[in-house]
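Quick notes on the structure that follows.
The values are calculated or read from the model by the stated rules, or taken from the named source; none is laboratory data. Since this is a predicted model, take the numbers as computed values, not measurements. All Cβ positions, glycine included, derive from the backbone under ideal geometry; neighbour counts span all protein chains shown.
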Amino acid sequence: MRTALRALPIALVSAALLLTACGKSRAAGTPSPGRTGLPATPTPTISGTATRTASASPVPGRSATPAASGATVVPSGRAADNAYFLAPLDKTVGLPQGFVPPGLTPVPRAYSYYSSGISIRSDVLSGLKGLVDAAQKGGVTLLVFSCYRSYDLQLAIWSSDVKQYGLAKTEQMDAPPGHSEHQLGTACDFTNAGTKNPVDQGWGETAAGRWMAAGAWKYGWALSYPRGEEASTGYEYEPWHFRYIGVDLARRWHDSGLTLVQLLRGLG
Ligand SMILES: [Zn+2]
């Protein structure tokens, strides 16, 4: 565990431990020095009557608030819980600080890289099971190492990474707090049992990574941050990060050739 994480509030420690496993390997597959940061998570832009709130303003007392703050979008005229399900989150479109998705439920041990501590929206759990069970039949054993992350946890990750890597690098790796797909409770990071460093771009070249890239969409999951699409997504390639959008929309995404955030912006 890196020193920076020792300062995290107790409530965040167990989750932060998950993050310490996220040291990212760079292009050549060389493990980077234990990145704490988590993958980014874009959300769809809410069209029309979106209003800005102050919730994305820098948090008092935190030294490393994201530069992209100030862009939380609150949909109006729609049920709050599900209005965000297909939100096109990116560095400028985000969620209210207090947003917690409905129906969070623990991910069963059989699907989890860790013994406990991972939650997901209950209405997405069946989608997770469908994906993992299908992969198993294809000879690939998948586990999740992160699904739901709170605003505060994302802030802790962001702040830690800014201290360790600087703001510019952190902006490539992490979604600012309030802008992570993980806050939706519908995005998960995937790996396999026994993987030493789950946050590794080389995972995309493993049998599991290739299986996910080729077929996760058939089960409702979209790869949020493909290789070579940084200009669109705003984030580095993350072969482990998928967001559940439902089988029909995932097929449409796959057939479109668009990045996920491009597709979701177009739904508005
Ligand atoms: Zn992720």
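Observations on the structure shown:
- When we screen GLN164, GLN136, GLN183, GLN172 for residues that are at pLDDT below 95 and either over 13 Å from the mean Cα position of the chain (by Cα) or closer than 20 Å to ALA83 by Cα (or both), the only hit is GLN172.
- Residue within the stretch 204-212 that is buried (at least 18 other Cβ atoms within 10 Å of the Cβ), under 20 Å from ILE120 (Cβ atoms) and within 16 Å of the ligand (Cβ to nearest atom) present: yes
- Test: residue in the stretch 248-266 that is over 18 Å from VAL124 (Cβ atoms), within 12 Å of the ligand (Cβ to nearest atom), at pLDDT 95 or above and not β-branched (Val, Ile, Thr): no
- Qualifying residue in the stretch 156-174 (condition: touching a Phe, Trp or Tyr at 6+ places or on another chain (Cβ under 6 Å) and within 16 Å of the ligand (Cβ to nearest atom)): yes
- Scanning the stretch 226-241 for residues that are without any contact (Cβ under 8 Å) to a residue 60 or more places away in the chain and either touching a Ser or Thr at 6+ places or on another chain (Cβ under 8 Å) or closer than 16 Å to ALA213 by Cβ (or both), we see that the one that is nearest to the ligand (Cβ to nearest atom) is PRO239.
- Total residues in the stretch 107-133, condition over 24 Å from PHE85 (Cβ atoms) and among the small types (Gly, Ala, Ser): 3
- Pair list, Cβ < 8 Å and 6+ apart or interchain, from the stretch 173-200 residues that are on the phi > 0 side of the Ramachandran plot to residues that are among the charged types (D, E, K, R) and away from the ligand (no atom under 11 Å from the Cβ): GLY185/ARG121
- Elements of type strands (runs of 3 or more DSSP E) in the stretch 98-161, at least 1 residues being under 20 Å from ALA250 (Cβ atoms): 119-121, 143-146
- Filter result (touching a residue at least 60 places away in the same chain (Cβ under 8 Å) and either buried (at least 23 other Cβ atoms within 10 Å of the Cβ) or within 25 Å of SER112 (Cβ to Cβ) (or both)) within the stretch 248-268: LEU260, VAL261, LEU264
- The criterion of at least 2 residues that are of a type in the set (Lys, Arg) is met, among helices (runs of 4 or more DSSP H) falling completely within the stretch 165-258, by 247-256.
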